[in-house]
1. Count, please, the residues in the stretch 498-510 that happen to be outside any helix (DSSP H, G or I) and either among the polar types (S, T, N, Q) or more than 27 Å from the chain's Cα centre (by Cα) (or both).
2. Of all residues being within 20 Å of the chain's Cα centre (by Cα) and assigned to a loop (DSSP other than H, G, I, E, B) in the stretch 63-86, which is farthest from Gln118 (Cα to Cα)? Just the residue, please.
3. Out of the residues in the stretch 444-468 that are more than 14 Å from ligand 2 (Cβ to nearest atom) and not aliphatic (A, V, I, L, M), state the one that is surrounded by the most Cβ atoms within 10 Å (Cβ to Cβ).
4. Tally the residues that are among the basic types (Lys, Arg), surrounded by fewer than 19 Cβ atoms within 10 Å (Cβ to Cβ) and over 23 Å from Val215 (Cβ atoms), restricting the search to the stretch 347-398.
5. Would you mind telling me which numbered condition in (1) within 16 Å of ligand 2 (Cβ to nearest atom); (2) of a type in the set (Ser, Thr, Tyr); (3) surrounded by fewer than 24 Cβ atoms within 10 Å (Cβ to Cβ) Ser440 fails?
6. Enumerate the helices (runs of 4 or more DSSP H) found wholly within the stretch 367-478, keeping only those where 2 or more residues are more than 9 Å from ligand 1 (Cβ to nearest atom) and more than 28 Å from Ala223 (Cα to Cα).
7. Yes or no: Leu513 assigned to a helix (DSSP H, G or I), away from ligand 2 (no atom under 16 Å from the Cβ), crowded, with 17+ Cβ neighbours inside 10 Å and not hydroxyl-bearing (Ser, Thr, Tyr)?
8. What number of residues within the stretch 359-383 are within 16 Å of ligand 2 (Cβ to nearest atom) and either more than 19 Å from Phe517 (Cβ to Cβ) or of a type in the set (S, T, N, Q) (or both)?
Amino acid sequence: MTSPERIDGHGGELALAALRAYGVKEMFTLSGGHVFPLYDAAHKTGFPILDVRHEQSAVFAAEAVAKLQRRPGLAVLTAGPGVTNGISGLTSAYFNGSPVLVIGGRAPAFRWGSGSLQEIDHLPLVAPVTKYAATVGSGEEIPGAVAAALTAALTAHRGPAFLDLPLEVIFSAADADAPAAPDVPVVEPDPDEVARAAQLIASAERPVIIAGSDVYAGDAVAALREAAETLHVPVFTNGMGRGALPPEHQLAFAKSRRTALRSADVIAVVGTPLDFRLSFGDFGGAQVVHIVDAPTQRASHVTPAAAPAGDLRLILSALADYEGVREDHAEWIASLRVAEDAAKARDAEEMAAETDPIRPARVYGELRKVLARDAVTIGDGGDFVSYAGRYLEPAEPGTWLDPGPYGCLGTGMGYAMGARVTYPDRQVCVLMGDGAAGFSLMDAESLARQGLPVVIVVGNNGIWGLEKHPMHAMYGYDVAADLQPELRYDGVVKALGGAGETVAKASELGPALARAFDAGVPYLVNVLTDPADAYPRSSNLA
Ligand SMILES: Cc1ncc(C[n+]2csc(CCOP(=O)(O)OP(=O)(O)O)c2C)c(N)n1
Ligand SMILES: [Mg+2]
């Protein structure tokens, strides 16, 4: 480093200086010679390097820190197969609006086309699933390219970015302007559209708010609560929006969603797309207000009654300040509370049921007894995770990680690594299908080796349940949907340096979970669950 304005060093050093300036605090990676200079820069300056056994876990780990901490997460992947192995992670981040940066190595530019090892142009592969993708042409351009990529990633609507550094660029020394301080633009909403939304919600008789991940990502949880309280509107949540209102809040609802959406006259969907999770925005007679963090997020397949786009804190604060006529929604809220309490009572019975084999509901009943309020729970699987969504009630925002609308299996160990790095002292618990386990369980080794304890609860029904049951219903038979029954996934984690046990009786669940959270190493509780149990759903395709 020469002066505050100019920095010098090899490409890895120049990149790391810019990454630090943007709040990146660690890199997730899997070794490859093309990216050694980034390791060298990190090693020499004490910058944390966490490594994994499959590149998808590196990107998922980067996504978890990005989601949980609302700052950029970094995965460093080697050229060619390293990058292509990361593409499902990048795509998930794209669908989730997560500010992930992938820096790829790249075969040398000076002999491009001559057949270098791992030579492929990554950009056409990643461009459709990133907000910004570029190859850096020289060392001097590195800090500016990192700044541009991260600014794109952090600007609402957020999402992943990609850079690759040709071999001679990353290994050569250069000097460059020091990275400027981050300057992330705020998207200003149109005040007339905001006023229209406020008027619709306030004058509704039976309004509902559904708050999704961007409410958390946009740091708008407090503003959401204020808007809901002043307009007196019941709130349902999905994705990272879960826990935005604590479960005991008088406006927090979860289990009466179907009743609410069937009877509501105005539905305000905040910070989440009008996708398959929300009947594509078609709620029968109800008017829809779609509140999004950027104009690009407006739905093109439906026309909402109002669709303000911009910084969610600004929009929700404006809703809270609405001074027009407000309907009293007390009766509506009271009627939903009746439905909610009835559903809760049914769930409580299911969560206590003593069946043999164990049903997933009981697993969550036992888990709820040992989970702390601030525990981070992670879902990776089919039916077993649908049950987690139903029976677990995140009490704080930013404590629930699901794969999001892209629905990619295999996030489990990567998300767990990102969550553990974010919260060294909290409970981190992965709920995993036995099928899902196949995608990432080898990374229990990465967690064990690097001293990152997490609890993994496998719902082991011996099948790809979410596929087997629907296929059987559709054809009267099923193929490619069976796994080995009662397989010892706990033995796998033991062999990889962790610990675990298999549980076949409901009464053994509680003590096993207590041991798991005390273990101090990755610990897998392999719960043999009922293969006949199918999650009840209206649409069975996933
Ligand atoms: C990468 C990927 N491959 C395949 C699928 C399709 N898929 C969705 S759920 C599911 C079954 C999951 O089985 P398991 O993890 O055992 O959970 P279960 O439904 O049995 O509880 C499959 C194969 C997917 N979503 N993602
Ligand atoms: Mg299964």
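The numbers here are math on the coordinates, done by the rules we state, and not lab data. Just so we're clear, the structure is a prediction, and the values are computed from it rather than from any experiment. A quick note on method: Cβ atoms are made from the backbone with ideal geometry, for glycine too, and the neighbour counts reach across all protein chains shown.
1. 5
2. My answer is Arg70.
3. This residue is Ser446.
4. Final tally of qualifying residues: 2.
5. (3)
6. Correct list: 412-422, 444-449, 465-475.
7. Yes; evaluated as a whole, the condition is true for this residue.
8. Qualifying residue count, the stretch 359-383: 6.
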